[in-house]
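For reference, the structure discussed in these notes is given below.
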Amino acid sequence: PIFREHIYWLQKQNFTAAESFWKYQLQGFTSPTPLVVDGLPDNPKSEFRHGEAWRYVDCQTTRTLRKIAETHDLTMNSIVMGAWAILLHRYSGEEDIVFGATRACRKSSIPGADGIVGTLINTVPIRAKLTGETSALSVCKDVRQTWLAMRPFEHTPLTQVRGLSEVPPGLPLFETLVVFENYHLDEAMR
């Protein structure tokens, strides 16, 4: 298959069922979850309003996280997204969290999409509800269930999803984005 075939397939999609899913997922959510951290400029009109952060995890911690994921039927992606939801909860004080996440969208497209050269990803909102009493494992499991449930709807354009939300016009649906990449490179690629 070639990328053009995926685009043709995408153009033929009917997002009616997706509308119900996304309305349900975002029902009652009315404002983006801020990432509030010390050290941000005092002037809200400052030019510094976005950024990118990279953090590397050492091998021992990675092994421990992989073991936790395996033991609890999770993925590393769900652990990272669960951790991000907890971080947003702690920094913002919000209990209803929404952030963006990218999906590869290769398993729900045309046959052979894994072999297509081209970008098939889509950005979707992830919602987590938690309190100070919610366990980290519970947050990760909830995020994992949400992630699995959205597979049939992962191709819905973000602009359409945003339009189905209750967030007022002029505000973004989310202010942070998690991009998790889990490459399985063979020895030649390494």
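Which condition breaks for Val124 when tested against (1) aliphatic (A, V, I, L, M); (2) farther than 18 Å from Arg151 by Cβ; (3) out of contact with any helix residue (DSSP H, G or I) (no Cβ under 6 Å at 6 or more places or on another chain)?
(2)
Considering (1) modelled with pLDDT of 85 or more; (2) surrounded by 15 or more Cβ atoms within 10 Å (Cβ to Cβ); (3) over 18 Å from Met150 (Cα atoms), say which one Glu5 fails and leave the rest.
(1)
Within region 100-109, is there a residue that is touching an Asp or Glu at 6+ places or on another chain (Cβ under 9 Å) and at pLDDT 95 or above?
yes
Would a scan of region 92-99 turn up a residue that is modelled with pLDDT under 95 and assigned to a helix (DSSP H, G or I)?
Yes, there is a match, as at least one residue in region 92-99 is modelled with pLDDT under 95 and assigned to a helix (DSSP H, G or I).
State which residue pairs qualify: first residue within 17 Å of Leu171 (Cα to Cα) and touching a residue at least 60 places away in the same chain (Cβ under 8 Å) and inside region 89-113, second residue outside any loop (DSSP other than H, G, I, E, B) and among the aliphatic types (A, V, I, L, M) in any location, beta carbons under 6 Å apart, and separation of 6 or more residues or different chains.
Here the result reads Ile97/Ala85; Ile97/Leu88; Ile97/Ala128; Phe99/Ile126; Gly100/Leu177, each pair linking region 89-113 to a residue that is outside any loop (DSSP other than H, G, I, E, B) and among the aliphatic types (A, V, I, L, M).
Please enumerate the residues belonging to region 114-133 that are touching a residue at least 24 places away in the same chain (Cβ under 8 Å), of a type in the set (S, T, N, Q) and part of a loop (DSSP other than H, G, I, E, B).
Once the filter is applied, which keeps residues that are touching a residue at least 24 places away in the same chain (Cβ under 8 Å), of a type in the set (S, T, N, Q) and part of a loop (DSSP other than H, G, I, E, B), region 114-133 yields only Thr131.
The values are calculated or read from the model by the stated rules, or taken from the named source; none is laboratory data. Here the structure is a predicted model, which is why all the values come from computation and not from measurement. Every residue, glycine as well, gets a Cβ built from its backbone with ideal geometry; the counts of neighbours run over all protein chains shown.
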